[in-house]
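What follows is a single structure, written as structure tokens, with notes after it.
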Amino acid sequence: MADQSPKPNVAPRPPRLEYELPVAYRTVAGFVTDWAVNISRGGLFINTQKPLPVGTHVKLIVSLPGTEFPFDLTGRVTRVNETHVAPNQVPGMAIEFVGVDEQKRIRLEEFVDRLAKALPPEERG
């Protein structure tokens, strides 16, 4: 007999857009600057040889094109791609934004929406 238990409501993951932007974040060694290689309304993926462990909360400083100043965000590492594990896999870490205030959320959404309209379909992740 098939499992009839209710499935949890999981929100669909926002579409990721292939786009590189500089991101600074704090580690135990100090501030590090790497490149985010994709972004969505809910987070980004940072290309790094030294990803932080899954579950780590991280302070980010993000510079979005078209904005006057960089702004800080808080995120949580949700996935790690280790270095040299798969040949076609970018090493790094997926960061989910957490506790984003309304003003920053609006700026992020506006940037992602503009980017989605400007990118060709094959670069929209």
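Remarks
- Qualifying GluC sites (Glu not before Pro) in the stretch 61-117, where qualification requires a DSSP coil assignment and no more than 15 other C-beta atoms within 10 Å, comprise 68, 82.
- Pairwise label distance in nanometres, residue 88 with residue 105, each label 7 Å out on the Cα-Cβ vector: 3.6
- Cβ-defined net charge surrounding residue 74, 13 Å radius [Lys, Arg +1; Asp, Glu -1]: +2
- The simple Förster model, with R0 at 30 Å and r as the Cβ-Cβ distance, assigns residue 113 and residue 29 a FRET efficiency of 0.25.
Laboratory data are not the source of any read-out in this text; all were calculated from the coordinates shown. Given the structure is predicted, the values throughout are model-derived calculations rather than measurements. Note: ideal-geometry Cβ built from the backbone for every residue, glycine included; neighbour counts use all protein chains shown.
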